[in-house]
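**Student:** Dropping a structure here in structure tokens format, bear with me for questions.
The values are calculated or read from the model by the stated rules, or taken from the named source; none is laboratory data. This one's a predicted model, so the numbers in the text were calculated from it and none came from an experiment. Reconstructed Cβ throughout: ideal geometry from the backbone, glycine too, with neighbour counts over all protein chains shown. Please note that ligands, DNA and RNA were not included when accessible areas were found on the heavy atoms of the full protein model with its side chains. Shrake-Rupley method; radii C 1.70, N 1.55, O 1.52, S 1.80 Å.
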Amino acid sequence: MADRSHPATAGRAPRADHPAMIRNVVLVGPSGAGKTTLVEALLHASGTTARMGRVEEGTTVSDHDDVEVRQKRSVNLAVAPVRVGDVKVNLLDTPGYADFVGDLRAGLRAADAALFVVSAVDGIDGRTRLLWQECAAIGIPRAVAVTKIDHHRADFDGVVEQCRAAFGDGVLPAYFPVFTGDGDGRTVAGLMGLISRRYHDYTGPERTDAAPPEGVLERAAPLREALIEGVIQESEDETLMDRYMEGAELDPAMLIADLEAAVARGGFHPVLAVSATRGVGVPELLEELPRATPSPAERPLPEVTTVNDRPVGREPACDPDGPLLAEVVKTVSDPYVGRISLVRVFSGTLRPDTVVHVCGHGLAERGHADHDVDERVGALLAPLGRHGEPVGEAVAGDVCAVAKLTRAETGDTLSDRERPLRMPPWTFPDPLLPVALRAAARSDEDKLAQAVARLAAEDVTLRVEVNPETHQLVLWCMGEAHLDVALHRLGTRYGVEVETEDVRVPLRETFAAPAEGMGRNVKQSGGHGEYGVCRIQVEPLPSGSGLEFVDRIVGGVVPRQFIPSVEKGVRAQMESGVRTGYPLVDIRVTLYDGKAHSVDSSDMAFQKAGRLALKDAADNCRIAMLEPVDELSVIVDEEYMGAVMSDLSARRGRVVATEMAGDGRTLIRAEVPQLEITRYAIDLRSLAHGTGTFSRSYLRHEPLPAHLAERHGAVLSDA
């Protein structure tokens, strides 16, 4: 967060001292739709920056990370505030690529309204449609900005129809773009407000008001009527419809005010036409952002409880003088400043050099242990991309960056030390693409685990585990692009170079048929020796049975005190396997005979005899290999259901049920071997065009087909 901005994007972050003067708007949409370029245009048009940066040149305010500059796409949530009149608008620029959905969720948590950015060239995708439905479910106000309208392949009208089909009838254009020329020479001449009928001419270097070109009013008339009818339906003035039906001329200013109120309530969703590179539509968007989006005081606060999950006596409100309630929505490590926490303040006022209570619960499975600690707030910064300016306080409703909160992690709640509170973390997607890591150099082995843990503390869509059976360090990611960024940061931020390898699936061994074995451990060398002999019968059991040890010794041929020793030896040998090195499971071992020596028999002697007996029984029987099978729950659009089910069958999966999931989507339940789904997160995205989601959970172990058993056994033996 140190000031290392490109001179073209240098500027001062605006301030706000009351929630009514703040708007938090998150920009969402497909990758390549132009969100970052639109933010640059808004920053420049508002006077926050001297000139526009370019994604291609790596000079934008939002994409300041070296990975973003290299890949020329957003991978992080970035905050870019602009001032419009007396209002500070925090623009939250989110990544459009599916792998970085964690930062998208963080942006939604910090925002009070969403601006869906859609390209007039490419239209919407399935993920954007699903995200719209998600925003509708939580009631967040939404508007649509159609970008790149001056591109020679742009189809503004067609994309608006796509949006209406996907998002609903409440989506209507608020401006009518006027074009001149044909083919590659086609360009935007101006925009006409459909309600006001004011025409903004963009043919010159600056926007000017002018009379609409000939024929524009007639072509725009049907759109204007549809917009007015939509506004009237959402208006709280019940007399508007009667006056409109009687043919009365309605006041445009009143209609515009009703439209903006309907947008802020979430009942209406205007479409604005924008060409960010030329600045077309940018002033209109700047004018609408503070008027048509709600202030933080107009939005309900997230659920709040005590740190013990009990209801609070009085719900906090978005009041600068109320009790402190804030949340860490993102954590990053800056090589110059250290740890930086991006914080949304929901209530109260956050000030530097004060002690706050930091509460984090519910993320233990992701490596974030539950904690309740007090911590001193460092410097407060007003973020502007990479740049940050020190501020004296952050009031309720604002977004700020906090330096050196060493214990706070993404999703943690900050509150008054005297009145600690907790907000349950928002829903984080599960990382479902595993990859095994190992240090490239032996000198980095000790640093690797610590570096990966710190990386996961910053990004809750990463999960780290050490597999107790394969002993691999496994990093779970959202996809290949997410993995690429994680590996890059391990090298650049933490100085740890790593190599990746395939994740080994924990297979098992079991007996395919009953067998008998003898363990003879007799060692005599003149001094104290070892003597233990045992005979066992081994039988296979159903999956999940583990070990059943049966004592059938008669006549004390194996002394009573050594029978548990035989069981210990059997269990120890089961852990290391008998044929391929994979653990042995699901057997009944019956000890029925043996021999002992009055002097040389001991606990260790019979443990060794038990191990030898199990290995001898395995030599006399076919050993079957077992593979873990997961239960998959896949949700896809109906149009992709056939392709997904065929793919599951090709993975040796069994579809056990299908059911409707609503909104034209289907839930598919299947049982699939883990060996076949290590990269399913990538494959499903391709099959369902980014609209599919799935979850997985261990179900049981099943016999592995013979041809695969030979291959995996050979691989392990070679290793």
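**Student:** Of the residues in region 61-94, how many are among the small types (Gly, Ala, Ser), under 21 Å from residue 109 (Cβ atoms) and not in a strand (DSSP E or B)?
**Tutor:** Qualifying residue count, region 61-94: 2.
**Student:** Separate question: Looking at residue 165 and the list (1) small (Gly, Ala, Ser); (2) assigned to a helix (DSSP H, G or I); (3) more than 30 Å from residue 210 (Cα to Cα); (4) open to solvent by less than 50 Å² (accessible area, probe 1.4 Å), which single condition is not satisfied?
**Tutor:** Every condition holds for residue 165 apart from (4).
**Student:** I'd like to check something: does region 194-215 contain any residue that is within 22 Å of residue 256 (Cα to Cα), crowded, with 18+ Cβ neighbours inside 10 Å, in contact with a helix residue (DSSP H, G or I) (Cβ under 6 Å, 6 or more places away or on another chain) and not basic (Lys, Arg)?
**Tutor:** yes
Yes or no, residue by residue, for (1) open to solvent by less than 40 Å² (accessible area, probe 1.4 Å); (2) in a strand (DSSP E or B); (3) over 30 Å from residue 439 (Cβ atoms); (4) of a type in the set (D, E, K, R):
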position	(1), (2), (3), (4)
484	no, no, no, yes
488	no, no, no, no
500	no, yes, no, no
506	yes, no, no, no
516	no, yes, yes, yes
533	yes, yes, yes, no
539	no, yes, yes, yes
554	no, no, yes, no
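**Student:** Turning to a different aspect of this structure: Could you list, in sequence order, the residues of region 562-593 that are at negative phi, open to solvent by less than 50 Å² (accessible area, probe 1.4 Å) and either among the small types (Gly, Ala, Ser) or in a loop (DSSP other than H, G, I, E, B) (or both)?
**Tutor:** Answer for region 562-593, where residues must be at negative phi, open to solvent by less than 50 Å² (accessible area, probe 1.4 Å) and either among the small types (Gly, Ala, Ser) or in a loop (DSSP other than H, G, I, E, B) (or both): 565, 569, 572, 578, 580, 582, 583, 585.
**Student:** Here's a follow-up. Which strands (runs of 3 or more DSSP E) sit wholly inside region 382-462 and have at least 3 residues that are hydrophobic (A, V, I, L, M, F, W, C) and within 30 Å of residue 311 (Cβ to Cβ)?
**Tutor:** Where strands (runs of 3 or more DSSP E) fall fully within region 382-462 and carry at least 3 residues being hydrophobic (A, V, I, L, M, F, W, C) and within 30 Å of residue 311 (Cβ to Cβ), they are 399-403.
**Student:** Follow-up. Take residue 42 and decide whether it is of a type in the set (A, V, I, L, M), open to solvent by less than 20 Å² (accessible area, probe 1.4 Å) and over 17 Å from residue 107 (Cα atoms).
**Tutor:** Yes: the conditions hold for residue 42.
**Student:** In this structure, does residue 125 turn out to be at negative phi, in contact (Cβ under 8 Å) with a residue 60 or more places away in the chain, open to solvent by less than 20 Å² (accessible area, probe 1.4 Å) and not aliphatic (A, V, I, L, M)?
**Tutor:** When the stated conditions are applied, residue 125 does not pass them.
**Student:** Okay, next question. Is it the case, given these coordinates, that residue 253 is open to solvent by 50 Å² or more (accessible area, probe 1.4 Å), among the hydrophobic types (A, V, I, L, M, F, W, C) and over 23 Å from residue 196 (Cα atoms)?
**Tutor:** Judged against the criteria, residue 253 is not a match.
**Student:** In region 74-88, what residues are surrounded by fewer than 24 Cβ atoms within 10 Å (Cβ to Cβ) and in contact with a Leu (Cβ under 6 Å, 6 or more places away or on another chain)?
**Tutor:** 84
**Student:** Now for a separate question. Looking only at region 594-606, which residues are open to solvent by 10 Å² or more (accessible area, probe 1.4 Å), over 53 Å from the mean Cα position of the chain (by Cα) and of a type in the set (A, V, I, L, M)?
**Tutor:** Across region 594-606, the qualifying residues are 596, 599.
**Student:** Hey, another quick one. Taking residue 609 as meeting all but one of (1) crowded, with 23+ Cβ neighbours inside 10 Å; (2) not charged (D, E, K, R); (3) not in a helix (DSSP H, G or I), write down the number of the exception.
**Tutor:** So residue 609 meets the others, but not (3).
**Student:** Of everything in region 106-122, what is within 17 Å of residue 162 (Cβ to Cβ) and either in contact with an Asp or Glu (Cβ under 8 Å, 6 or more places away or on another chain) or acidic (Asp, Glu) (or both)? Give them in sequence order.
**Tutor:** Selection gives 120, 121, 122.
**Student:** Of the conditions (1) touching a strand residue (DSSP E or B) at 6+ places or on another chain (Cβ under 8 Å); (2) in a loop (DSSP other than H, G, I, E, B); (3) open to solvent by less than 40 Å² (accessible area, probe 1.4 Å), residue 108 clears all except one; give me its number.
**Tutor:** (2)
**Student:** When only residues in region 367-385 that are in contact with a helix residue (DSSP H, G or I) (Cβ under 9 Å, 6 or more places away or on another chain) and under 30 Å from residue 53 (Cα atoms) count, which is surrounded by the fewest Cβ atoms within 10 Å (Cβ to Cβ)?
**Tutor:** 385
One line per residue, one yes/no per condition, for (1) open to solvent by less than 50 Å² (accessible area, probe 1.4 Å); (2) among the charged types (D, E, K, R); (3) under 29 Å from residue 297 (Cβ atoms); (4) touching a strand residue (DSSP E or B) at 6+ places or on another chain (Cβ under 8 Å):
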residue: 365; (1), (2), (3), (4): no, yes, no, yes
residue: 394; (1), (2), (3), (4): yes, no, yes, yes
residue: 411; (1), (2), (3), (4): yes, no, yes, yes
residue: 415; (1), (2), (3), (4): yes, no, yes, yes
residue: 436; (1), (2), (3), (4): yes, no, no, yes
residue: 439; (1), (2), (3), (4): yes, no, no, yes
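**Student:** So which residues in region 256-277 are buried (at least 23 other Cβ atoms within 10 Å of the Cβ) and assigned to a loop (DSSP other than H, G, I, E, B), if there are any at all?
**Tutor:** Matches in region 256-277: 268, 274, 276.
**Student:** Going residue by residue through region 210-228, is there one that turns out to be in contact with a Ser or Thr (Cβ under 6 Å, 6 or more places away or on another chain) and either closer than 30 Å to residue 44 by Cβ or of a type in the set (Ser, Thr, Tyr) (or both)?
**Tutor:** Checked against the condition, which is being in contact with a Ser or Thr (Cβ under 6 Å, 6 or more places away or on another chain) and either closer than 30 Å to residue 44 by Cβ or of a type in the set (Ser, Thr, Tyr) (or both), region 210-228 yields no hits at all.
**Student:** Checking residue 152 against (1) more than 29 Å from residue 688 (Cβ to Cβ); (2) not in a loop (DSSP other than H, G, I, E, B), only one condition comes out false. Which one?
**Tutor:** (2)
**Student:** Of the residues in region 433-460, how many are within 15 Å of the chain's Cα centre (by Cα) and at pLDDT below 90?
**Tutor:** 6
**Student:** Checking the conditions here, which among 295, 341, 333, 347 is open to solvent by 20 Å² or more (accessible area, probe 1.4 Å), farther than 30 Å from residue 121 by Cα and hydroxyl-bearing (Ser, Thr, Tyr)?
**Tutor:** Result: 333 is the single residue among 295, 341, 333, 347 that is open to solvent by 20 Å² or more (accessible area, probe 1.4 Å), farther than 30 Å from residue 121 by Cα and hydroxyl-bearing (Ser, Thr, Tyr).
**Student:** Starting from residues that are open to solvent by less than 60 Å² (accessible area, probe 1.4 Å) and part of a loop (DSSP other than H, G, I, E, B), keep the ones in region 350-363 and report whichever is modelled with the lowest pLDDT.
**Tutor:** Per the stated criteria, the residue is 363.
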